[in-house]
1. Can GLN134 be described as farther than 30 Å from TYR47 by Cα, open to solvent by 80 Å² or more (accessible area, probe 1.4 Å), at pLDDT 85 or above and within 59 Å of the chain's Cα centre (by Cα)?
2. I'd like the full set of residues that are within 26 Å of ILE114 (Cα to Cα) and either in contact with a Ser or Thr (Cβ under 7 Å, 6 or more places away or on another chain) or of a type in the set (A, V, I, L, M) (or both), limited to the range 69-83.
3. Using beta carbons and a limit of 7 Å, which pairs, at least six apart or on different chains, have the first residue in the range 107-133 and within 30 Å of LEU37 (Cβ to Cβ) and the second one part of a loop (DSSP other than H, G, I, E, B) and open to solvent by less than 60 Å² (accessible area, probe 1.4 Å)?
4. Look at the range 80-99 and say how many of its residues are open to solvent by 60 Å² or more (accessible area, probe 1.4 Å) and without any contact (Cβ under 8 Å) to a residue 40 or more places away in the chain.
5. Out of the residues in the range 23-70 that are farther than 25 Å from LYS98 by Cα and free of Cβ contacts under 8 Å to residues at least 12 places away in the same chain, state the one that is most open to solvent (accessible area, probe 1.4 Å).
6. Quick check on the range 100-131: of everything there that is hydroxyl-bearing (Ser, Thr, Tyr) and open to solvent by 30 Å² or more (accessible area, probe 1.4 Å), which residue is farthest from VAL46 (Cα to Cα)?
Amino acid sequence: MVKQIKYVIFVLICMCVTPLITHAECDYQRQAELSRLASNVQLSYVYNKGTGFQVIMTNLTNDLYAVDMYGQIINGGAERTFSYASGTVSFDIYATDKSCSDNKLLTKTIDLPILNAYSYSDECKSYPGFRYCQVWGSFSITQEQFTQELEEYKKEVNDSFTIADDDLNVLKIILDTLSKNVFMFVFLGSLIIVVIIYLQVKKRHK
């Protein structure tokens, strides 16, 4: 009787453990299929001046879910949109299958441009062509360095305008000279033409 009871208990334990063992296994083919699905997940972003960056996740099927770098769980089955600040954002993708849920399939990342704080300054509004005034970018410079290089840039801009003004002044002088001596230039031009014609005719006669 005792042996029978032990046997029954042993069978019950085996019946309980076997499904757990089977359940814990992640089939290789299923793992490959899930990895393929995870690789198809796409990330993109748009920038709205009022709300910042909107990251768009597509192709996240019902077989998958994602966890972002802040611990937010994202279920699959539809296009998802999230708001993030500048910088790199990462998403770990897992399977919803309980047998494969402990296996991270892959990590997807997207790099969001960094907004340049200097671009909103009054100096950059006046000199948008200055290299530290572009809207996107991260610059490790001090305010003193920014001001110093901006002054150098202003000088270059002013020098280029001065050269352009000098060129215009020279052109103006030439035009004024021509306008005041029109008769003389017409006479000289006519004389040169007559001489050329005379030389050509003389050459033909020879």
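The values are calculated or read from the model by the stated rules, or taken from the named source; none is laboratory data. Keep in mind it's a predicted model, so treat the numbers as computed, not measured. Cβ: placed from backbone, ideal geometry, glycine included. Neighbour counts: every protein chain shown. The area values use the complete protein model at the heavy-atom level, side chains included, leaving out ligands, DNA and RNA. Shrake-Rupley method; radii C 1.70, N 1.55, O 1.52, S 1.80 Å.
1. Spelling it out, it is not the case that GLN134 is farther than 30 Å from TYR47 by Cα, open to solvent by 80 Å² or more (accessible area, probe 1.4 Å), at pLDDT 85 or above and within 59 Å of the chain's Cα centre (by Cα).
2. Of everything in the range 69-83, those that are within 26 Å of ILE114 (Cα to Cα) and either in contact with a Ser or Thr (Cβ under 7 Å, 6 or more places away or on another chain) or of a type in the set (A, V, I, L, M) (or both) turn out to be MET69, ILE73, ILE74, GLU79, SER83.
3. As it stands, the answer is LYS108/VAL41; LEU112/SER86; PRO113/SER86, since those pairs meet every condition given.
4. Going through the range 80-99 one residue at a time, the tally reaches 6.
5. LYS49
6. Going through the qualifying residues, I end up with SER101.
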